[in-house]
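The values are calculated or read from the model by the stated rules, or taken from the named source; none is laboratory data. Just so we're clear, the structure is a prediction, and the values are computed from it rather than from any experiment. Heads up, the Cβs are rebuilt from the backbone with ideal geometry, glycines too, and the neighbour counts pull from every protein chain shown.
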Amino acid sequence: MIDLRLYGYIETEAPPVPSLLPARITEQQRDQYTVITTHGECAAILKGAFLHNTKTHADYPSVGDFVWLDYSTNGMSRIVSLVPRRSKFARADYGGRAAEYAKTVQEQVVAANFDAVFVLSSLNRDFNVNRILRYITQARHSGAQPVVVLTKADVAAEIDIPMQEVRTAAPDVPVYAVSSHTGCGLDALEIYLRPGRTVVFLGMSGVGKSSLLNALMQKEVAAVSGIREDDARGRHTTTYRALFMLPSGAMVIDTPGMRELGLIDAEESVSAGFADVEALFVACRFNDCRHRTEPGCAIQAALADGTLSQERWQRYHAQKRETKFADDKAEYLREKTAWHKDIALWNKQRRKNGGPRKR
């Protein structure tokens, strides 16, 4: 018998039917799942009633989810329902359409029930603090602890400067530099890799997610591909979502497409990351201050005396814009498409009448 607590299971409720077993999803490939139960690993699909009663994509199981399972000893087991999640990563789902043509936008969960998010960025030419901040906001929004892991420290010309850049931009987030090939710095990650805990990797292709996973697993479980010389980026090597049990007893969720997540309803997460900036707002003379040229603006005063750097203020604005865009993406792109069509039609009419084109 397997103790499911080793896989992070916390018994918080009784099964809806006494015969059902708790299980954790360790792999997902299309509509088929691999789950771990007290009886071991088995294949599972969604029960018909689950499909019939599920209203949104967010309610479908994903890797890391705990579920109630109708276990079968001689056939396919069936997933009956979800156990409530404690954390999740989700992205916008446009129903297989381009965003501008989507009629509805739903939330699609791609990983669930994790304790920390390793925000990975390599110490090569692709190092980008703004991107790291976006990932940190995504990690906060998931409900888990963000941890920045800077990879490829063995081939980096400089380590201290980029580490300090990240610490300055996100002072409340721990930052580590590691090398998956030499093992340098990996010991420092052990505090997040304790038995029963789960970590998700988040980062661009080519940052070394697969190499880090192999190093932590102490064997090769994920294919590693090289990076392009022209931009220091790589290609996705993970083709399906999976949960790996490390020798330490911790688990890692490796999933393709994590870099494509959208910030859905992430206003509070942005505010948490820039609490120092928003704390200045209450000191402005006017409640509706736009922080531009208004008299008594605390933001402008802080920028003038150096208390607030121009770079941090710009990063705050960038995250706010991106969050708003993600929330309103489908509507925004539909309006943009309609606007371009109106301009094209207007130009066509003007050309017919011999007038100038609108730009």
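Quick notes
- Some residue of the range 14-24 being modelled with pLDDT of 90 or more and of a type in the set (Ser, Thr, Tyr): yes
- Residues of the range 151-194 that turn out to be hydroxyl-bearing (Ser, Thr, Tyr) and closer than 28 Å to Ala272 by Cα, as a count: 4
- Residue check, Ala344 modelled with pLDDT of 70 or more, assigned to a helix (DSSP H, G or I) and not assigned by TED's automatic domain parsing to the domain that holds Val282: yes
- Scan of the range 17-47 for residues that are aliphatic (A, V, I, L, M) and more than 19 Å from Leu246 (Cα to Cα), ordered by number: Val17, Leu20, Leu21, Ala43, Ala44, Ile45, Leu46
- Given (1) in a strand (DSSP E or B); (2) modelled with pLDDT of 95 or more, number of the condition Phe201 does not satisfy: (2)
- Cys184 falls short on exactly one of the conditions (1) in contact (Cβ under 8 Å) with a residue 60 or more places away in the chain; (2) of a type in the set (A, V, I, L, M, F, W, C); (3) surrounded by fewer than 20 Cβ atoms within 10 Å (Cβ to Cβ), and that condition is (1).
- Among the residues of the range 80-118, those identified as of a type in the set (S, T, N, Q) and modelled with pLDDT of 80 or more are Ser81, Ser87, Asn113.
Yes or no, residue by residue, for (1) touching a residue at least 24 places away in the same chain (Cβ under 8 Å); (2) at negative phi; (3) part of a strand (DSSP E or B):
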{"residue": "Val35", "(1), (2), (3)": "yes, yes, yes"}
{"residue": "Lys55", "(1), (2), (3)": "no, yes, no"}
{"residue": "Ser81", "(1), (2), (3)": "yes, yes, yes"}
{"residue": "Arg85", "(1), (2), (3)": "yes, yes, no"}
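- Matching entry among Val178, Val155, Val221, Val148 (being among the β-branched types (Val, Ile, Thr), over 17 Å from Arg131 (Cβ atoms), surrounded by 21 or more Cβ atoms within 10 Å (Cβ to Cβ) and assigned by TED's automatic domain parsing to the domain that holds Pro247): Val178
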